[in-house]
1. Quick one: count up the residues across the range 135-158 that are within 15 Å of ligand 1 (Cβ to nearest atom), out of contact with any helix residue (DSSP H, G or I) (no Cβ under 8 Å at 6 or more places or on another chain) and without any contact (Cβ under 8 Å) to a residue 40 or more places away in the chain.
2. Hey, does the range 321-329 have a residue that's away from ligand 1 (no atom under 14 Å from the Cβ), under 27 Å from residue 226 (Cα atoms) and surrounded by fewer than 19 Cβ atoms within 10 Å (Cβ to Cβ)?
3. Step by step: first the residues of the range 275-286, then only those that are farther than 19 Å from residue 128 by Cα and in contact with a helix residue (DSSP H, G or I) (Cβ under 8 Å, 6 or more places away or on another chain), then the one that is surrounded by the fewest Cβ atoms within 10 Å (Cβ to Cβ). Which residue is that?
4. Hey, any hits in the range 292-301 for a residue that's without any contact (Cβ under 8 Å) to a residue 60 or more places away in the chain, over 16 Å from residue 124 (Cβ atoms) and surrounded by fewer than 24 Cβ atoms within 10 Å (Cβ to Cβ)?
5. Being surrounded by fewer than 21 Cβ atoms within 10 Å (Cβ to Cβ) and either more than 14 Å from residue 170 (Cβ to Cβ) or in contact (Cβ under 8 Å) with a residue 12 or more places away in the chain (or both) is the filter here, so list the residues in the range 89-100 that pass it.
6. Here is a list of conditions, (1) more than 22 Å from residue 193 (Cα to Cα); (2) within 16 Å of ligand 1 (Cβ to nearest atom); (3) at pLDDT 90 or above, and residue 232 meets all of them except one; can you say which number that is?
7. For the list (1) buried (at least 18 other Cβ atoms within 10 Å of the Cβ); (2) out of contact with any helix residue (DSSP H, G or I) (no Cβ under 7 Å at 6 or more places or on another chain), I need the number of the one condition that residue 304 fails.
8. Being farther than 18 Å from residue 259 by Cα, within 14 Å of ligand 2 (Cβ to nearest atom) and part of a loop (DSSP other than H, G, I, E, B) is the filter here, so list the residues in the range 117-138 that pass it.
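The values are calculated or read from the model by the stated rules, or taken from the named source; none is laboratory data. On a predicted model such as this, the values are computed, not experimentally measured, just so you know. Cβ atoms come from the backbone with ideal geometry, glycine included; neighbour counts cover every protein chain shown.
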Ligand code: AMP
Ligand code: MG
């Protein structure tokens, strides 16, 4: 009985201590939440690289260093994969057909992934699109509508099956003279993931990087809320966001005909080319946004879905694990994949969510 009583006393003390500890730790947590994160050191910078405007924001002790490192990494990736920089891997491959060219790990990884998406889309996404892209010159001063003959001839230089990879040597060969690799549809996604990895290596909890239509957010906003990422109005000559999506730790990648195009005789010619027709991809789709974890896949997917069009494109989104998407058509209807139906907010009443299909 004495033992029991003593034991009872001990139990009461134990409960008392547990209560004290719980109260103490909950106060600690409360205090952590009350820290004014907006007073943290922060870096907010823009630059131009990879043919697009880059914006980056980072919050935390090493914010400045993280942005320096990230921008340096973007320049490095551009120097490896640009079609026009003469020392780049891609330039060397394109200038030396039928020869294995040793490339950097980055370039090898991106070409390999691009070929996987080419396979997946039956060649609608094709990183050997380079000669057609050059022929049209969209986004350059040389932009023009080529003749039918030129298109037929140049189309014959596009085929992802004519690329050989040597994984031991990390080298790449194109089989036909005149064919050209172009990683414009996927390199920015790879770069965004590389920047995210740099950010995470520094234990920065809150950051944002935007490479043109390619946005990645790390963590929450410093105040603890979700990042609200705007989706650009896909109509030609319209600036600003027509919808927004609240996210944390995600990438939001958009492809649209409005990004680069020219007009001739009332027709719009934009920069995403259908390798089968040799002309800019035509469908009712004017914008595609992919929401997922990795920008590398999201970039390849947004371009792929744009070319595939609404039905096949949404099917690809729904069948890819962890991937959500928004497809916008010419009638300004938004089609949302099943996982983001309640996450998109329309900001411009001319657009509406179409709930009837999918
Ligand atoms: P994005 O803005 O990511 O959709 O990529 C568009 C860019 O990808 C273009 O400016 C071209 O450099 C390249 N591109 C165009 N058509 C294709 C295609 N069918 N497959 C792969 N890349 C393409
Ligand atoms: Mg893309």
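1. First, pick out the residues of the range 135-158 that are within 15 Å of ligand 1 (Cβ to nearest atom): 135-140, 142-143, 146, 151, 154-155, 157-158.
Checking the rest, the ones that are also out of contact with any helix residue (DSSP H, G or I) (no Cβ under 8 Å at 6 or more places or on another chain) come to 136-140, 142.
Cutting the leftovers down to without any contact (Cβ under 8 Å) to a residue 40 or more places away in the chain gives us 137, 140, 142.
Qualifying residue count, the range 135-158: 3.
2. Yes, the range 321-329 contains a residue that is away from ligand 1 (no atom under 14 Å from the Cβ), under 27 Å from residue 226 (Cα atoms) and surrounded by fewer than 19 Cβ atoms within 10 Å (Cβ to Cβ).
3. So the first thing to find is which residues in the range 275-286 are farther than 19 Å from residue 128 by Cα, and the list is 282-286.
Checking which are in contact with a helix residue (DSSP H, G or I) (Cβ under 8 Å, 6 or more places away or on another chain) leaves us with 283-285.
Values: 283: 17, 284: 12, 285: 24.
It comes out as 284.
4. First pass over the range 292-301, keeping only residues without any contact (Cβ under 8 Å) to a residue 60 or more places away in the chain: 292-293.
Subset that is over 16 Å from residue 124 (Cβ atoms): 292-293.
Checking which are surrounded by fewer than 24 Cβ atoms within 10 Å (Cβ to Cβ) leaves us with 292-293.
Checking the range 292-301: at least one residue is without any contact (Cβ under 8 Å) to a residue 60 or more places away in the chain, over 16 Å from residue 124 (Cβ atoms) and surrounded by fewer than 24 Cβ atoms within 10 Å (Cβ to Cβ).
5. Applying the first criterion (surrounded by fewer than 21 Cβ atoms within 10 Å (Cβ to Cβ)) to the range 89-100 yields 91-92, 95-100.
Within the range 89-100, 91, 95, 96, 97, 98, 99, 100 meet the criteria.
6. (1)
7. (2)
8. Correct list: 121, 124, 126, 127.
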